[in-house]
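All remarks here apply to the structure that follows.
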Amino acid sequence: MKHIMSFGILASTVLAFASPVLAQTVFVSTQLRPIEEATVVREELLKDIGPVDYVVEEPPQFAVRMEAERQAGKHTVSLVGALHGELSPLADKDTLEPLDDLAKKLATSGMPQSLLDLGKLGKSTHQYIPWMQATYVMAAKKEALQYLPDGADVNALNYDQLIEWGKNMQEATGQPQIGFPAGPKGLMARYFQGYFYPSFTGGVVRTFQSADAAAGWEKLKALWAYVTPNSTSYDFMQEPLAAGEVMVAWDHIARLKNAISAAPDDYVVFPAPAGPKGRGYMPVVAGLAIPKGAPDKAGAEKIIEHLSMPETQLLTASKVGFFPTLNVKLPPDLDAGVALLAGAVTATQASKDAVISLLPVGLGDKGGEFNKVYMDSFQRIVLQNEPVADVLKIQGATMAKLMTDTKAACWAPDAKSDGPCPVE
């Protein structure tokens, strides 16, 4: 993944505009950024589709680039691939082409209407086409199962059982055996927003500094006693799992896939634990959209149709671990690791105590600041052992200002709000 400064984006935008490379369809994506995944996109998913320049951007830089092109009125990007919440601010500024004709065609091809309707982003027309979906799960080496607490079901764990499991593993091996992707490029913020907070508080923003949140943080401190300190350097949990540094991990399915696909008989994959309010989980939907003023709208539509074909969607699942948005049956010869991940996703979605937490919406280019509120709270409470109530009061004020500044309304699981989502 590359970090590109804003001036670099503006410069690259100008250079791209002046360059003959514009003969290619420029496809900018915040998804499938790691070099291995981007290579799969370029060499396999987009094979034989014509000249496509697949460009990956970190979400903050993506927002800067798209805004720069909008303000300049000079467009180099014909297709964008991004998360639901990353596309929402583009739709709010009326910068995306309506895709109703493509949506109708895909509805007849087996894309669920409920998923297609997400692509309207609250508008009357389809702003994006759902491209692929994913979520986050837990994975464990099978050898860890012998240390499960008596009576615990790995597919229906709660936090007390996870803590006891961690304690048992540490006592048996002499080392903490649980790992989280809390490194600089890890997705730990999504753990707090989609799993921890919904499970302990039933909300994400409204409940940020509640008594339920404080109790949850105390529980997380108890769990962290059995989490390897190396977690603060982990970006992808597949690597420490495969290397034997940890036996149990939580992460995005695409960031667990390589380890599990390499040795599927060695792992079990299962839902994240439940808290007092239920089993929080975050469905992740990535979409494809065409900016207004796109130099190659026809080429962009062709790519969307290609990436939405059943065979391409199944290849995507097999190669990078993101699952189809089409209602297609996974083949029996599917990669065994992907099949394990798919089973955990199904188990999560089917959990009777599931609490769905959507990706943040309405934050514009402030998504990084929103993530930072959770990560700063984690560092101060769990890593630095500062008083929970004091930290939540300070960070809650930061959260409240962020919501007011962006005017972002509440999203699930928080109750709807008429104005900015309040921190209660």
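The values are calculated or read from the model by the stated rules, or taken from the named source; none is laboratory data. These figures come from a predicted structure and were not determined experimentally. When we count neighbours, we look across all protein chains shown, and the Cβ atoms used for this are built from the backbone with ideal geometry, even at glycine. What goes into the accessible areas is simple: the full protein's heavy atoms, side chains included, and nothing from ligands, DNA or RNA. Shrake-Rupley method; radii C 1.70, N 1.55, O 1.52, S 1.80 Å.
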Exercise for review: Return only the number of the condition from (1) surrounded by fewer than 19 Cβ atoms within 10 Å (Cβ to Cβ); (2) under 24 Å from Glu37 (Cα atoms); (3) in contact with a helix residue (DSSP H, G or I) (Cβ under 9 Å, 6 or more places away or on another chain) that Ser233 does not satisfy.
Suggested key: (3)
Exercise for review: Only residues in the range 17-38 that are on the phi > 0 side of the Ramachandran plot count as the first member; pair them with residues that are among the aromatic types (Phe, Trp, Tyr) and modelled with pLDDT of 95 or more, Cβ under 9 angstrom, at least 6 apart or cross-chain, and list the lot.
Suggested key: Leu32/Tyr54
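Restricting to the range 29-44, give me the number of residues that are within 13 Å of Ala286 (Cβ to Cβ) and not basic (Lys, Arg). Give the derivation first.
The first filter runs over the range 29-44 and keeps only residues within 13 Å of Ala286 (Cβ to Cβ), leaving 29-33, 37, 41.
Next, from what is left, pick out any that are not basic (Lys, Arg): 29-32, 37, 41.
So the answer is 6.
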**Study point:** Residue within the range 184-202 that is at pLDDT 95 or above, more than 17 Å from Trp250 (Cβ to Cβ) and either touching a Lys or Arg at 6+ places or on another chain (Cβ under 7 Å) or of a type in the set (A, V, I, L, M) (or both) present
**Key:** yes
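Restricting the search to the range 73-91, which residues are of a type in the set (Gly, Ala, Ser) and modelled with pLDDT under 95?
Quick first cut of the range 73-91, residues of a type in the set (Gly, Ala, Ser) only: 73, 78, 81-82, 85, 88, 91.
Result: Gly73, Gly85, Ser88, Ala91.
Take the residues in the range 90-118 that are of a type in the set (S, T, N, Q) and part of a loop (DSSP other than H, G, I, E, B), then tell me which one is surrounded by the most Cβ atoms within 10 Å (Cβ to Cβ). Spell out the reasoning first.
Here is the first cut: in the range 90-118, the residues of a type in the set (S, T, N, Q) are 95, 108-109, 113-114.
The next check asks that each one be part of a loop (DSSP other than H, G, I, E, B); those that pass are 95, 109.
Values: Thr95: 20, Ser109: 14.
Within the range 90-118, the match that is surrounded by the most Cβ atoms within 10 Å (Cβ to Cβ) is Thr95.
Quick grid of which residues meet (1) among the aliphatic types (A, V, I, L, M); (2) under 18 Å from Leu307 (Cβ atoms):
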site	(1), (2)
Leu45	yes, yes
Gly73	no, no
Pro89	no, no
Ala103	yes, yes
Ala107	yes, yes
Gly119	no, yes
Gly122	no, no
Point to revise | Complete set of residues in the range 296-316 that are open to solvent by less than 10 Å² (accessible area, probe 1.4 Å) and among the small types (Gly, Ala, Ser) | key: Ala300, Ser308
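The rows are residues; the columns are (1) under 26 Å from Ser377 (Cα atoms); (2) out of contact with any Asp or Glu (no Cβ under 6 Å at 6 or more places or on another chain).
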position	(1), (2)
Ala214	yes, yes
Met237	yes, no
Leu241	no, yes
Arg255	yes, yes
Review point. Given the structure, is Ala272 small (Gly, Ala, Ser), within 26 Å of Thr348 (Cα to Cα), assigned to a helix (DSSP H, G or I) and open to solvent by less than 20 Å² (accessible area, probe 1.4 Å)?
Key: no
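With respect to Lys277, determine if the residue is basic (Lys, Arg), surrounded by 21 or more Cβ atoms within 10 Å (Cβ to Cβ) and under 28 Å from Ser351 (Cα atoms).
Details: basic (Lys, Arg): yes; surrounded by 21 or more Cβ atoms within 10 Å (Cβ to Cβ): no; under 28 Å from Ser351 (Cα atoms): yes.
So Lys277 does not fit the description; no.
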Practice item. Give the residue that is most open to solvent (accessible area, probe 1.4 Å), with candidates limited to residues of the range 29-50 that are over 18 Å from the mean Cα position of the chain (by Cα) and among the acidic types (Asp, Glu). Key: Asp48
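Regarding Ile290, is this residue among the β-branched types (Val, Ile, Thr), open to solvent by less than 40 Å² (accessible area, probe 1.4 Å) and in contact with an Asp or Glu (Cβ under 6 Å, 6 or more places away or on another chain)? Explain how you work it out, then say what you get.
Numbers: among the β-branched types (Val, Ile, Thr): yes; open to solvent by less than 40 Å² (accessible area, probe 1.4 Å): yes; in contact with an Asp or Glu (Cβ under 6 Å, 6 or more places away or on another chain): yes.
Yes; evaluated as a whole, the condition is true for this residue.
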